[in-house]
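This report concerns only the one structure given below.
The values are calculated or read from the model by the stated rules, or taken from the named source; none is laboratory data. This structure is a prediction, so every number in the text was calculated from the model and none was measured. So basically every Cβ, Gly included, is an ideal-geometry build from the backbone, and we count neighbours across all protein chains shown.
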Amino acid sequence: MAAFVGVALFSTQASAQGDNSHTPIVNESPDQPNILWIYIEDTNAWMSCYGDTVVETPNIDQLASEGVRFDRAYMTSGVCSPTRSAIITGMYQTSIGAHEHYSSFSVWRGNVMEVWEPNHIGVKTISEIMQASNYYTFNEGKFHYNFVFDPDELYHRHGANGYKGAKDGTEWSGRKPGQPFFGQIQLVGGKYRNPKKVVEIDDVPVPAIYPDHPVIRYAIANHYNTILELDRELGEIVDGLKRDGLYDNTVIFFFSDHGSLMPRSKQFLYEEGIRVPFILKGPNVPVGKVRKDLVSGIDISATTLAFANINVPDNMHGMNMMAEDFHRDYILAARDRCDFTIDRIRAINTGRYKYIRNFMTDKPYMQPNYRTNSPLMQHMHNEYEAGNLNETQARFFGPERPAEELYDLQNDPGETNNLVHSHHRKHAIQLAKHRDILYRWIIETDDKGRFPESDNALRAVIDRWGEDAVNKEYKRVR
């Protein structure tokens, strides 16, 4: 991997204990960049800088014009805690046992678990590495890491979601004079409740995979309105950085953890679930550039270290996306248990083709989940039962699903024409290629999703969700 900058500001030395760990040593420099992750929840790239015409997002557009806009950025999961676990470690969540959503939690929403399954990962997080390199670290918002950690060890400061104005020790204002910071500001994005109704239901397009109905239109319009709130919040953060004279020397990563709350988005591995907005801006970042190559959320980790001039540990799967020799042959995404819903799905995206492997074909796509009783999901289920959905719309709400799916993203960006049984030779070749990539990846990265959860892990899920945990896998511990 090519170095990102020419002059290293850190060296390494063996630890006093004589083990094989390394401690970064800081060479003080006024040019050491600050690094800020603006971390958004549940948001698709429905923004004007991405070509969307429903809303104008001037602050997001301005950030993109000052840096690099990535058009093919993907997260490693369609739900938050596995994604967050992967990004903060630079490793696939499946390799560190962090793939099951809301796992390794001893306390969940105030409920102390009677039993739980602690996951001690044995690797340093990005925030710990940055702390060792003399960075002030903070996290304004959620953690949701599926492993055992002490927030006071990962961050000098941590608080509730959102930007606090960098006052009275919040955000970057708690650091020592001249000390660089590594921070995360968590914005609720698509989860923003009761956003101002700027976009009305008649203003939005409806994708062909959904019926054109006011309930669907409301969900789409609401997501646009949350993006307008997001744009406003971004403006506040940028204004705070400029006020404190930090903007020009701060590398900003602006990205979402996964897609929106639409039925086929969140928790699933279709494009709308894992393809996210991602903008990178800061010193040594090209201005006004658009990249269309594949990048993964785990690359945020290695790229962050590269900007701080810290060598990327060998255990990381992430790569420095700004290196001259950066290239990804494929993107991998994984879905496992989400809340109480047990599943296992893997996806391989090579740019033009997407391969999805459904390992649990005994379960329908829309098996019981935490959104089952929402108005949107109830509407879709009712329309399916009434026979009002066309073949494409009904497929996702039916009782069966295929073991494999293959889509030509160039000709079928909506992923509606499954090519697994296509008679065309080129499709058969692609199917074999993607199968091979996935099975090699499973072995080479030690995908722990191929093993069932422990009894204590399942008991913890029942403790959280009670009778909602209806899958047959729970029977052995009830």
Quick one: what pairs do we get from segment 265-280, first residue assigned to a strand (DSSP E or B), second among the hydroxyl-bearing types (Ser, Thr, Tyr), C-beta under 6 Å, 6+ apart or different chains? Arg275/Tyr74; Val276/Ser256; Pro277/Ser256
Within segment 204-246, tally of residues that are among the polar types (S, T, N, Q) and in contact with a helix residue (DSSP H, G or I) (Cβ under 6 Å, 6 or more places away or on another chain): 1
Just a yes or no: is a residue in segment 237-249 surrounded by fewer than 17 Cβ atoms within 10 Å (Cβ to Cβ), among the polar types (S, T, N, Q) and modelled with pLDDT of 95 or more? yes
Filtering segment 162-171 down to residues that are modelled with pLDDT of 95 or more and not charged (D, E, K, R), which residue is nearest to Tyr136 (Cα to Cα)? Thr170
Residues in segment 350-369: is at least one touching a Cys at 6+ places or on another chain (Cβ under 8 Å) and touching a residue at least 12 places away in the same chain (Cβ under 8 Å)? yes
Counting only residues that are of a type in the set (A, V, I, L, M, F, W, C) and assigned to a helix (DSSP H, G or I), which one in segment 224-250 is farthest from the chain's Cα centre (by Cα)? Leu241
Condition first: within 23 Å of Ile298 (Cα to Cα), β-branched (Val, Ile, Thr) and surrounded by 18 or more Cβ atoms within 10 Å (Cβ to Cβ). Can you find one or more residues in segment 171-189 that meet it? yes
Quick check, is Arg371 touching a helix residue (DSSP H, G or I) at 6+ places or on another chain (Cβ under 6 Å) and farther than 16 Å from Leu438 by Cβ? yes
How about segment 348-391: which of its residues are at positive phi and surrounded by 13 or more Cβ atoms within 10 Å (Cβ to Cβ)? Gly351
Being under 16 Å from Ile279 (Cβ atoms), surrounded by fewer than 24 Cβ atoms within 10 Å (Cβ to Cβ) and of a type in the set (Lys, Arg) narrows it down to one of Arg72, Arg109, so name that one. Arg72
Can you go through Asn222, Asn309, Asn284 and tell me which one is surrounded by fewer than 19 Cβ atoms within 10 Å (Cβ to Cβ) and polar (S, T, N, Q)? Asn284
